[in-house]
Amino acid sequence: MLNKAVLAEALVVFGIVLLVHAVVWDRFSWCAVALAVQAFYVQFKWDRLLQLGGAVFQFRTAANSGLLPASMVTPLLGIVMKERCKAAGTVYFERFGIVVASTGMLVALFLSVIAVGITKPVPTNTCVLTGVAGSVIIYTMKHSLTVSEVIEVLEVLLIFVYLSMILLYLLPRCFTPGEALLVLGAVSFVLNQLIKRSLNVVEGRGDPIDFFLLVAVVGIVLLGLFFTVLFLFLDSGTWISSLFFHMMTAVLGLGVVMPWLYRVIQRNPLLWLLQFLFQTQTRVYLLLYWTCLAASACGVVFYQNAKISSGCKKHQASTITRKYFHFIVVATYVPGLVFDRQLLHVAAALCLAVFIFLEYIRYFRIKPFGQTLRQLLSLFLDERDSGPLILTHIYLLLGMSLPVWLFPRSCAPKGALSRAGALVPYSGVLAVGVGDTIASVFGSTMGEIKWPGTKKTFEGTMTAIFAQVIAVALILIFDSSVNLNSSYAWILASISLVSLLEAYTTQIDNLLLPLYLQIMFMA
């Protein structure tokens, strides 16, 4: 029997796909629709493999495979980016959008082929659908991509294959197949982009802010891979191993990451960063304000742990307590979006690197803080942190930051042409900071009518939609750069669909919801 929640989630995703292509219809639209149909069928094969324990790697068990919603994110994002940049006359990013869409389709198709290949007996109908979808996608790519772009797509696929084999083996139960597709596909694409740009550096070309993000992400991931392999042979909890960890971090940071960053931005990275951070008085005030918010977040963590140590019987933080961090993140991002988006772009990249580095220290039990971090963060675990890594806070940061990072500034619509596209940088704030938070708080405290097949409530979803509409009105008041130009019906439809997706999805909503809302706003 088919799961009602999975079917409802699929209907919402199909609704988003069809709405986007009602506005943006071209040759890639046929590919996206074909990919969605075959991903819907293959998703049930993945779910069956997970239930029977037939998957090659260990995936997160408290959720379905999530293949359909994850498969559509990157292709849709590339398609709407292509149309936005085409309208803005930015040929480079128009071609970049085509590469993003093609890469997303090919990687998702590869994951579907894997599921079909290991399913016994071989599902004939699903094989036919996968073959038809693959034929449509490859035919379209053949007539849309140049030879260099085809090579680039295949490079990302190759990196994805090797990265998946390594990380899914080393980190069991950290991802569902859909989450692995999103996260590892993104890391593979970023790594390929950084290698490509490093080999084709032209002085004065490219924004140092974008290069800083690429190097920060790739550098911290490679650092983790290095120590993961190293500590397979060493006990990471000793003082000698901890000292070696800190020394090698300094060596790799100063000897690899810094020269790499120097090569791509053509200036001293540390001097550039200091000049950038303290360039204006507004930036200094924002940094001081963010420091106070970070201190308050740390205070919440220490206070909740002190309550447990004093004899409180409750060993897990409540939903409201966990959502307090969402409110802090909203208070962090909104001033940055209003006053200085470039500073927010760089600060979010720095914060991501710090979060991942602290997770390395916790995971490897690096002295002197590793065990302390384990004790402090264990209070805030939920069912999504079933693997060895704690990723929910990193997903929250990514969900808020991706809309700021992903949309090319040169393609941003201006003035009366902006419409819903002006809200793209606010997608994370609206979907996660406001919508998900309000839905969880009101749903858990006052919700009575549950959506079929889920624990989420009708009252929580409706309250979330209303709260996001109010938030859009406040953005219009306080951010003079936002001009919606009568696109209110589209905004309401976008918010409603994404809120319904939040009610039915079992994937990491902090990561999935902002991306879908961004796609809808960009369309």
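The values are calculated or read from the model by the stated rules, or taken from the named source; none is laboratory data. Keep in mind that what you see is a predicted model, and the values were worked out from it rather than measured. Methodologically, a virtual Cβ is constructed for each residue, glycine included, from the backbone with ideal geometry; neighbour enumeration extends over all protein chains shown. Surface areas here come from the heavy atoms of the whole protein model, side chains and all, with no ligands, DNA or RNA. Shrake-Rupley method; radii C 1.70, N 1.55, O 1.52, S 1.80 Å.
Okay, here's what the table says:
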| quantity | calculated |
| --- | --- |
| Largest to smallest accessible area among LEU484, LEU389 [probe 1.4 Å] | LEU389, LEU484 |
| Simple spin-label estimate for ILE449 and THR124 in nanometres, 7 Å along Cα-Cβ | 4.5 |
| Efficiency of FRET from Cβ geometry, ASN3 and PHE327, R₀ 41 Å, rounded to 0.05 | 0.80 |
| Hypothetical label at ALA493: residues of the range 422-441 whose amide nitrogen lies under 19 Å (7 Å Cα-Cβ projection) | 422-424 |
| Stretchable slack from SER148 to VAL132, in nm (0.36 nm times residue separation minus alpha-carbon distance) | 3.2 nm |
| Estimated inter-spin distance, LYS196 and SER480, nm [label 7 Å along Cα→Cβ] | 3.9 |
| The range 1-201: relative contact order as a whole-number percent, Cα under 8 Å and 6+ apart | 27 |
| Distant-in-sequence amide H partners of LYS456 (H built 1.01 Å from N, under 5 Å) | TRP451 |
| Cα-derived Rg over Rh, computed across the range 384-522 with Rh taken as Kirkwood radius | 0.99 |
| Helical contribution to [θ] at 222 nm, DSSP H n ≥ 4, -39,500 (n - 2.57), averaged over the chain, rounded to 500 | -24500 deg cm²/dmol |
| Summed side-chain charge close to HIS345 - residues other than HIS345 whose Cβ falls under 14 Å, Lys, Arg +1, Asp, Glu -1 | 0 |
| Probe 1.4 Å, protein heavy atoms only - accessible area per residue of the range 1-201 in square angstrom | 43 |
| Exposure rank, largest accessible area first [ARG374, ARG48; 1.4 Å] | ARG48, ARG374 |
| Residues LEU376 and ALA250, FRET efficiency given R0 of 22 Å [Cβ-Cβ distance, rounded to 0.05] | 0.30 |
| Chain lengthening between ILE470 and ILE240 when straightened (0.36 nm per residue, less Cα-Cα) | 77.4 nm |
| Value of relative contact order over the range 384-522, rounded to a whole percent, pairs C-alpha under 8 Å and six or more apart | 36 |
| Gain on full stretching of the segment that runs from PHE357 to LEU293 - 0.36 nm per residue minus C-alpha separation | 21.0 nm |
| Probe 1.4 Å, all protein chains present, accessible-area order of LYS456, LYS142, LYS86, largest first | LYS142, LYS86, LYS456 |
| Heavy-atom accessible surface of the chain: percent carbon and sulfur, 1.4 Å | 69 |
